[in-house]
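The following block contains the structure, expressed as structure tokens.
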Amino acid sequence: MIPERCALSFLVDDLPIHYYQAELLLYSLQRFTTFRKENIIVHCTDRVGEEFIDFLRDEGYEYKRVQPYLDGKYCNKLTQLEYFYERGEDLDGVLLADTDTFFLDDPFVSDKEKFAAKIVDGPNPPLHVIERIYREAGIPLPEIVHSDWLTQNDVTVATNFNGGFYYIPIKAVKRIGDLWKNRAEWLYAHRELFDTPAQAIHVDQIAMSMAVVLSGVPVERVGVNQNYPIHIERPIRSLDRKRGISMLHYHREIDRFGLLNDRKVSEPIGIDAIHKANKAIASMPRSRFYAKFRQSLIRIERPSDRLNDLEERVKELAASFPPNTRLILHGGTPKTGTTTLQFFWDEHREEMLEEGILYGEKDGVSYAPKHQWMVSSLKARDYEGFLKHFDAATCRRKDTDIHTVILSTEGIYNHWWDYSDEAKNFLRILGKHFDLKIWIWLREPISFAESLYRQYLKNPRIKEVDCYGRDLSLDEMMRDEWFVNHLDYLGFLEECHELFGARGIKVFEMKKDVLETMCEELNLNVERETVHRHNEKLDCTLIDVLRIFNRHEMPIKEKSKLVDILYGIEEQFGKYFSDRKLCNGNPHKIEIAVARQLDVLEREYKIRF
């Protein structure tokens, strides 16, 4: 195992992803390893904000501020070893870890007096570049060995180690630390020795290779179980399938839910390790930095010249409404009573007009009285068409006294991830000239996922959405990007916040009757004799039958007829079914997927499921 008196150090820079990764790394060390808190040192560049420093103080971790070094990015990690130069009496060694690592067990070092690390994943930079560097530096070339990935030309030098894991005996810390810096400064000044600028990001790695050679310290090459990469799918030479994985090196394979991706890993042992890590991440107490990490993912480019030209048209349309007209875009989510609201608004159109609320004329395309033209126009980036439909749907504004306009389609949420940045910026322009509000209902995620799953099985197949009308279990559908997008409540809300500001979003919890909630919000006094229309759910036994039919390509009319038949069976014989709580799925997978966003939803949007 790792020596009992071993320190661990890693470096954090002023990046939202670094703060969140550091939080995950510290949590993994606390939960899965025996590293003592007093032996964990977090090096922070002087750019790191006080919020992160306060976090370290609150959690009782020692930290040290350092100046950015050489390139100010990849070489900053070279500043860490100096801290340990005077710690020879109370430590056996130091483990340097990358911030994008997650420990699942104590690492294993067989000899505390040896430098230990894993050979590089792939031969990067190529061997001929390393040979050139060593030759120019006047250093004897180490033994040629295979890199860890089974690839073509997979050879490198024996001291070219992956930087995610360096164990350095305390007696050699100063010697290696001084040599590491010396060689890095020399190589940084001779970056032309690399073939490309992309290769030159490995200055620190190749400098460590040379430092180890010059130090004369004995070396132990650890296997990939100690430093398991998940960012590229490759057969791995040093994998021991009989031992567990003690550390995952995930690089940028972290998704919007704050979890590690397993999409590029084929080894069962690697997939199991990722799932173990994600289960732990989901069980973390409130995260201090997940929200900032999510905000950093928002990348909505500003309007193009085309939208600037259209803004005058939007302004003219807005001027045809009474001043300060409120525009409510009711966007779903799906399976939250959207159809019920649409029929209510359509059937009470006249009473609502008397209250100054105009529900847009239906487009006649869909079964429900909604405004599906918003979806088709935004997806096609047909903004002139959008404005034409908008004008037609609200034509009664000209002979009534209104203060609020409502347009509704769950497709605003359902297709949000299909819209281009330009389309989203078009909505931003609408928000500049109307008092725009996005209304969204959110439902408890597990019941939402199951309901959406049932609906997607009932849908006919279409080219644009792979998971519609397929024979998929819920667990299988959880691997579909389209499906998983819909569980990203926070992503939708954060982008709406970016586009429309905090006042432009109204979030409702689906905890009571949606009509009651809506009438309270609009201060609407109309009789509610409307029969609530909603999409009945099929029993899980009938879902199994539906999946059998989904193995075949079916015309839309035949698929619709099949679904109607299954509903008829449900109505006639449903009493003989005992509905399972979750069809073909594991609720824990959904819980893990959404866990990190729940505390942000509660804190920022007052939503608690």
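Every read-out reported here was derived from the displayed coordinates using simple, explicitly stated rules and does not represent laboratory data. Model, not experiment: these values are computed from the prediction. All Cβ positions, even for glycine, are placed from backbone atoms using ideal geometry, and neighbour counts span all protein chains on display.
I'm spelling it out carefully: the read-out is P(r) over Cα pairs in 10 Å bins from 0, in percent, the candidates are [x] 3, 14, 22, 23, 19, 13, 5, 1, 0; [y] 3, 14, 21, 20, 16, 13, 9, 4, 0; [z] 3, 12, 18, 19, 16, 13, 9, 6, 3, 1, 0, 0, and one was derived from this structure. Which label?
Of the labelled values, this structure produces [y].
For residue 247, list long-range residues whose amide hydrogen, built 1.01 Å from N in the peptide plane, is under 5 Å from its own amide hydrogen.
104, 227, 228
So who's got an amide H within less than 5 Å of the one on residue 239, skipping anything under 5 residues away but keeping other chains? H placed 1.01 Å off N, in plane.
Here 224 satisfy the definition.
Relative contact order for the stretch 12-96: what is it in percent, counting Cα pairs under 8 Å that are at least 6 residues apart?
Numbers: 67 pairs, mean separation 20.4, N = 85.
The normalised contact order for the stretch 12-96 reaches 24 percent.
By how many degrees, 0 to 90 and rounded to 10, does the Cα axis of helix 556-573 deviate from the longest principal axis of the chain?
Between the helix axis and the principal axis of the chain, the angle is about 80 degrees.
A further question follows. Which of 128, 499, 8 sits closest to the plus end of the dipole of the chain, meaning its Cα is farthest towards the positive end, when Lys and Arg get +1 and Asp and Glu get -1 on the C-beta?
Most positive-ward Cα: 128.
Counting DSSP beta bridges in the chain, what percent are antiparallel, to the nearest 5? Write out the running numbers ahead of the final one.
Values: 17 of 55 bridges.
Close to 30 percent.
While we're here: Lysines within cross-link reach of residue 458: Cα-Cα under 19 Å, excluding same-chain residues under 8 positions apart?
By straight Cα distance, residue 458 reaches 335, 537, 557, 559, 561, 581.
Using the Karplus equation 6.51 cos²θ - 1.76 cosθ + 1.60 (θ = phi - 60°), what ³J(HN,Hα) coupling, rounded to whole Hz, does each residue of the stretch 208-213 give in order, writing x for Gly and Pro?
Result, ordered by residue: 5, 4, 5, 4, 5, 4 Hz.
Right, something else. Could you derive backbone 3J(HN,Hα) for the stretch 84-97 from the dihedral phi with the Karplus parameters 6.51, -1.76 and 1.60 (θ = phi - 60°), listing whole Hz in sequence and x where the residue is Gly or Pro?
Karplus values, whole Hz, x for Gly and Pro: 9, 4, 9, 9, x, 7, 10, 10, 9, x, 10, 10, 8, 10.
What's the exposure ranking of 13, 58, going from fewest to most Cβ atoms within 10 Å?
Working: 13 20, 58 9.
Taking fewest neighbouring Cβ atoms as first place, the list is 58, 13.
Take every Cα pair under 8 Å in the chain that's 6+ residues apart, average their separations, divide by the length, and report that relative contact order as a whole percent. Intermediate results must be reported in sequence, preceding the final value.
Numbers: 975 pairs, mean separation 73.4, N = 609.
Across the chain, relative contact order equals 12 percent.
By its C-alpha gyration tensor, with a ≥ b ≥ c as the square roots of the eigenvalues, how is the stretch 305-605 shaped: rounded for a/c under 1.5, else prolate for a/b larger than b/c, else oblate? Write down the numbers at each step before the final one.
On the way: a/c = 1.73, a/b = 1.55, b/c = 1.12.
Taking the square roots of the gyration eigenvalues as a ≥ b ≥ c, the stretch 305-605 is prolate.
Cysteines without a disulfide-compatible partner in the chain, using Cβ under 4.7 Å as the rule?
If one checks each Cβ against the other cysteines of the chain, 6, 44, 75, 395, 467, 496, 519 turn up with nothing under 4.7 Å.
Can you grab the distance from the C-alpha centre of the stretch 374-415 to the C-alpha centre of the stretch 264-303, Å, no decimals?
So the two Cα centres are separated by 36 Å.
On a 0 to 90 degree scale, rounded to 10, what angle separates helix 445-458 from the longest Cα axis of the chain?
70
Sort 45, 409, 517 by Cβ crowding within 10 Å, fewest neighbours at the top. Could you put the intermediate results ahead of the total?
Numbers: 45 20, 409 24, 517 17.
Taking fewest neighbouring Cβ atoms as first place, the list is 517, 45, 409.
If the cut-off is 23 Å between C-alpha atoms, which lysines fall inside it for residue 276, apart from same-chain ones fewer than 8 positions away?
Answer for residue 276, where 23 Å is the Cα cut-off: 37, 118, 242, 264, 589, listed by chain and number.
Hey, another quick one. Where the centroid of each part is defined by its Cα atoms, how far is the stretch 441-478 from the stretch 545-576 in Å?
Comparing the Cα centres of the stretch 441-478 and the stretch 545-576, I get a distance of 16 Å.
Then there's this: Rounded if a/c is under 1.5, else prolate if a/b is larger than b/c, else oblate: which is the stretch 339-415, with a ≥ b ≥ c the root eigenvalues of its Cα gyration tensor? Display every interim value, and only then the final one.
Details: a/c = 2.32, a/b = 1.40, b/c = 1.66.
Judged from the Cα gyration tensor, the stretch 339-415 comes out oblate (a/c at least 1.5, b/c at or above a/b).
Please sort 388-395, 459-466, 244-251, 120-127 by packing, taking for each peptide the average over its residues of neighbouring beta carbons within 10 angstrom, highest first. Each step should come with its number before you reach the end.
On the way: 388-395: 16.5, 459-466: 13.4, 244-251: 22.5, 120-127: 20.1.
The packing order, highest mean first, is 244-251, 120-127, 388-395, 459-466.
With an 8 Å Cα cut-off and a minimum separation of 6 or more residues, compute the relative contact order for the stretch 337-473 in percent.
Numbers: 120 pairs, mean separation 27.8, N = 137.
With pairs under 8 Å counted, the relative contact order is 20 percent.
How much of the DSSP beta bridge set in the stretch 6-296 is antiparallel, as a percent to the nearest 5? Don't skip to the answer; put the middle values down first.
Details: 16 of 36 bridges.
Roughly 45 percent of the DSSP beta bridges within the stretch 6-296 come out antiparallel.
To continue, here is another question. Using Cα atoms only, what is the angle between the long axis of helix 383-393 and the major principal axis of the chain, expressed in degrees (0 to 90) to the nearest 10?
30
Taking the Cβ of each residue in 20, 367 as the centre, tally the other Cβ atoms inside 10 Å and list the residues starting with the fewest.
Fewest to most other Cβ atoms nearby, the residues stand as 367, 20.
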